[in-house]
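First comes the structure, then the notes that go with it.
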Amino acid sequence: MKNIQLVLLFIVMMGASIYAQDSSKKSKAGIKGGYNLSAVSFDGNSETEQLHGFHIGFYGESFIGKSASLQLELLYSQQGYKIIDGSGTYKQELDYINLPLMLKLYPSENFFLEVGPQIGLSISHKETFDSGFALYNTSQEFNPNNFDWGVNFGGGFKTNSGVSLGVRYHLGLNDIYDEDKPKNRVWQFYIGFDF
C-alpha cells in the first residue's frame with residue numbers, strides 16, 4: 001500500500017511539473033547518461049567497496065519560477081556493490097529503472113543545485129563469488145526487494161545551449177534485503193542534452 005501511495009504522489013507531481021512553467025523560461029526535454037559508483041551501507045555503520053556502472057535515460061524540465069524548476073527523469077541504472085575479504089570477492093550487480101523528481105534551483109543563470117525523491121524498480125540482479133580458485137567459485141541468487149526509494153542531492157552546470165554537466169548522490173532509504181538492512185549509496189556523474 002505504501003508503494004502505491006508513493007507512485008500516486010509521483011504521478012501528481014509529474015503532472016504539476018508538466019503544466020507549471022514561468023513565461024520567461026521554456027520547458028525542456030532531453031537525454032542524459034553517465035557513470036555510476038555504487039555501494040551499499042549495512043545497518044548504517046559500514047559501507048562496501050564501490051562497483052562501477054552507468055545510467056542512461058530521459059528527462060523533462062519545467063520551470064516553476066525564474067530560478068527554479070522541476071525535473072522528472074526516467075533512468076536505467078546499474079548499481080550494486082563488492083565485498084572483498086580473505087576468502088575472495090563477492091559482487092552483486094543490481095539493475096534498476098529509477099524515477100527521480102528533482103527540484104532544481106539556479107542561483108546563477110547556468111549553475112544549479114538539485115534535491116528530490118527517487119523511487120526505483122529492481123529489474124534484474126546477479127551475484128558472483130570469486131575465490132581465486134575455479135573449483136570454489138559460485139553463483140548464488142539473493143532476491144532483492146522489488147522497490148527502492150530514497151533522496152538525491154546534487155549540482156551542476158547547464159550551458160545556454162542546453163548541455164548539462166552534473167554530479168548527484170543517491171541516499172537509499174529502503175532496505176535492499178531484510179537481513180543486515182543494506183541500503184543503496186550511488187554517486188552519479190552525468191552529461192545531459194536538451195532536445
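Figures for the structure shown
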quantity: For F54: the one exception among (1) out of contact with any Leu (no Cβ under 8 Å at 6 or more places or on another chain); (2) farther than 21 Å from Y35 by Cβ; calculated: (2)
quantity: Test: G57 is modelled with pLDDT of 95 or more and closer than 30 Å to D178 by Cβ; calculated: yes
quantity: Residue in the range 177-188 that is surrounded by the fewest Cβ atoms within 10 Å (Cβ to Cβ), counting only those that are in contact (Cβ under 8 Å) with a residue 60 or more places away in the chain and farther than 19 Å from L74 by Cβ; calculated: D180
quantity: Verdict on S131 being over 23 Å from the mean Cα position of the chain (by Cα) and hydroxyl-bearing (S, T, Y); calculated: yes
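The values are calculated or read from the model by the stated rules, or taken from the named source; none is laboratory data. It should be emphasised that the depicted structure is a prediction, and the values quoted were computed from it without experimental measurement. Cβ coordinates were reconstructed from backbone atoms using ideal geometry, including for glycine residues, and neighbour counts include every protein chain displayed.
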